[in-house]
Amino acid sequence: GIQVEQSPPDLILQEGANSTLRCNFSDSVNNLQWFHQNPWGQLINLFYIPSGTKQNGRLSATTVATERYSLLYISSSQTTDSGVYFCAARQNYGQNFVFGPGTRLSVLP
Amino acid sequence: DSGVTQTPKHLITATGQRVTLRCSPRSGDLSVYWYQQSLDQGLQFLIQYYNGEERAKGNILERFSAQQFPDLHSELNLSSLELGDSALYFCASSPRTRLHNEQFFGPGTRLTVL
């Protein structure tokens, strides 16, 4: 099945800094999503982005499907951005949806 | 709020027992997915149902079973519980179309097996 890797595993930032999180996947996908798991355990949808670029406020994401990676950009980070960021991918409908191991982000005041 | 509901929020039980976790998908979503998140295994896909039928199966133990009912809510049954089953169990749902199958997650059920 598909393999999903994320980097870096941990990231510590000062408030106001920018960051880039990376997700690599081993095969073509028809579904790729980014999630934020907050300190209370909730999984919040950030982007549904099997290809292309999307922006939502301070966050944006780009997936280059032909090169099998996706990037999540966080600008002007805030303490509320802290938590774990997961990407998850699926090759085809009806197959397993695979999560990466996550990037743990800590934003310091 | 994603629109996916899960009950109960927390569950504490003993080894050997059986529990049932419940999930109601977003209005209109036909697919329901179950995931397990434990500290050492990360987020693992367990099983997917679509309109009452099993559609995909992941790393689901034989002691675990699930079903989706005609009203589209789903239940995950965990039996002969072991300490290692302690985890956060998530349900997710997605729209009916194959072209856009974005998943939306419920708040999870935290299971503690003592």
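When A:Val29 is tested against (1) over 14 Å from the mean Cα position of the chain (by Cα); (2) within 30 Å of B:Glu54 (Cα to Cα); (3) within 11 Å of another protein chain (Cβ to nearest Cβ), only condition (3) is not met. Under the condition of being among the small types (Gly, Ala, Ser) and part of a strand (DSSP E or B), the residues counted in region A:52-93 number 7. Residues in region A:65-79 that are in contact (Cβ under 8 Å) with a residue 12 or more places away in the chain and among the β-branched types (Val, Ile, Thr): how many? Residues meeting the conditions: 2.
Would you be able to say whether some residue in region B:85-107 is modelled with pLDDT of 95 or more, assigned to a loop (DSSP other than H, G, I, E, B) and more than 9 Å from chain A (Cβ to nearest Cβ)? Scanning region B:85-107 turns up at least one residue that is modelled with pLDDT of 95 or more, assigned to a loop (DSSP other than H, G, I, E, B) and more than 9 Å from chain A (Cβ to nearest Cβ). Only one of the listed residues (A:Leu46, A:Leu105) is away from chain B (no Cβ under 14 Å), part of a strand (DSSP E or B) and closer than 22 Å to B:Leu88 by Cβ. That residue is A:Leu105. Of everything in region B:37-56, what is more than 11 Å from chain A (Cβ to nearest Cβ) and in contact with a Phe, Trp or Tyr (Cβ under 9 Å, 6 or more places away or on another chain)? Give them in sequence order. Correct list: B:Tyr49, B:Gly52.
Of the residues making up region B:57-65, at least one is under 13 Å from the mean Cα position of the chain (by Cα), surrounded by 15 or more Cβ atoms within 10 Å (Cβ to Cβ) and more than 14 Å from chain A (Cβ to nearest Cβ).
Residue by residue, here is whether (1) more than 21 Å from A:Arg58 (Cβ to Cβ); (2) loosely packed, with under 14 Cβ neighbours inside 10 Å holds:
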residue: A:Ile2; (1), (2): yes, no
residue: A:Pro9; (1), (2): yes, yes
residue: A:Leu13; (1), (2): no, no
residue: A:Ser19; (1), (2): no, no
residue: A:Cys23; (1), (2): no, no
residue: A:Ser26; (1), (2): yes, no
residue: A:Val29; (1), (2): yes, no
residue: A:Gln33; (1), (2): no, no
residue: A:Trp40; (1), (2): no, yes
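The values are calculated or read from the model by the stated rules, or taken from the named source; none is laboratory data. All values derive from a computational prediction rather than experimental measurement. When we count neighbours, we look across all protein chains shown, and the Cβ atoms used for this are built from the backbone with ideal geometry, even at glycine.
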